[in-house]
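What follows draws every value from the coordinates through simple rules; no lab data is involved. In this text the structure is predicted, and so the values were computed from the model without any measurement. Counting neighbours? That spans all protein chains shown, and the Cβs are built from the backbone with ideal geometry, glycine included.
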Ligand SMILES: Nc1ncnc2c1ncn2[C@@H]1O[C@H](COP(=O)(O)OP(=O)(O)OP(=O)(O)O)[C@@H](O)[C@H]1O
Ligand SMILES: C=C(C)CCOP(=O)(O)O
């Protein structure tokens, strides 16, 4: 990643909005506010064929990411890796499992996909490094998530591009439940004070009844009637959960398809703006 944030003069970049984060969670080693990009599992995998990477699409996305400037965190979803195993073991964000084999199957599948994403980014010249959330995150008995961001922040300060993924997470009283990539995006956006958040999915944005992209969503109730789950095996909720979580953020968030990644990283506003 080159040094000039987003390659744009600061006057042309959208203003950063910040959630007030307790000073104890904002660490030393601070870098300028990062961009957070999630690559949806439905984009980087063939979601209907178990454990199949969409190799060409991933390579194109990696090339777009290589052309971006400034601190960047990449998060990716489960696609046909995590969701397939989660579904087989009956594990979701709310249904837990105390079966260590289930935990290993899901997290190992996600590590395999993460290896492929990191390798594609590295091939494109991105300073990508893997980060495995199962080893660092936890949910308490109220399902509240703790995802320490110190290591990610220090990686950014060292010029790396941390690449996290949806995973299993140890959950008090439940064994393990699923931690979606979208939850990771929201948590890191808050703890790192993200400049902008982008979710690349299989659709060009949130679609209305006539399949047109909705340009801006400011309230969940305005669009609840068009928001559904995912068309593929997906234990974490599809579009409705995404919109609900992104509305809770202070950083501007966008949902777009693979064609929107380059423009998003260049500071443009592709797809649907949430909030
Ligand atoms: N109103 C809507 N507009 C657009 N997509 C919608 C809408 N309602 C439901 N969807 C579904 O939501 C899907 C996007 O959610 P999904 O969870 O599959 O995305 P993803 O983040 O790419 O995948 P993953 O969860 O594996 O990372 C779309 O592909 C579509 O099937
Ligand atoms: C199913 C697993 C392990 C990850 C889910 O992450 P998501 O695809 O971002 O919802």
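Just a few scattered comments:
- Normalising the average separation of contacting C-alpha pairs (under 8 angstrom, six or more residues apart) by the number of residues puts the relative contact order of the chain at 25 percent.
- FRET E, pair residue 213, residue 122, Förster distance 45 Å, beta-carbon r, rounded to 0.05: 0.85
- For residue 259 and residue 135, a Förster radius of 45 Å and the Cβ-Cβ distance give a FRET efficiency of 0.85, rounded to the nearest 0.05.
- GNM flexibility winner over the chain from 144, 123, 182 (Cα, springs under 10 Å): 144
- Ellipticity estimate at 222 nm from DSSP helix runs (n ≥ 4, -39,500 (n - 2.57)) divided over the chain, nearest 500: -9500 deg cm²/dmol
- Spacing of the two label points (7 Å from each Cα toward its C-beta) at residue 248 and residue 266, in nm: 3.4
- Radius, Kirkwood style, for the chain when every pair of distinct Cα atoms is counted (Å): 18.5
- Neighbour counts of C-beta atoms inside 10 Å place 85, 76, 132 in the sequence 132, 85, 76, starting with the fewest.
- Using the Cβ-Cβ distance between residue 99 and residue 57 with R0 set to 35 Å, the FRET efficiency works out to roughly 0.60.
- Most to least packed among 194-204, 89-99 [average Cβ atoms within 10 Å]: 194-204, 89-99
- Fewest neighbouring Cβ atoms within 10 Å first, the residues 65, 44, 214 line up as 214, 65, 44.
- For segment 63-131 versus segment 140-156, the spacing of their alpha-carbon centroids is 16 Å.
- Ordering 104, 139 by the number of other Cβ atoms within 10 Å of each residue's own Cβ, fewest first, gives 104, 139.
- GNM result for the chain, Cα springs below 10 Å: residue of 117, 168, 226 fluctuating most strongly: 226
- Inter-label distance for residue 32 and residue 46, nm, one decimal - labels placed 7 Å from Cα along Cα-to-Cβ: 4.2
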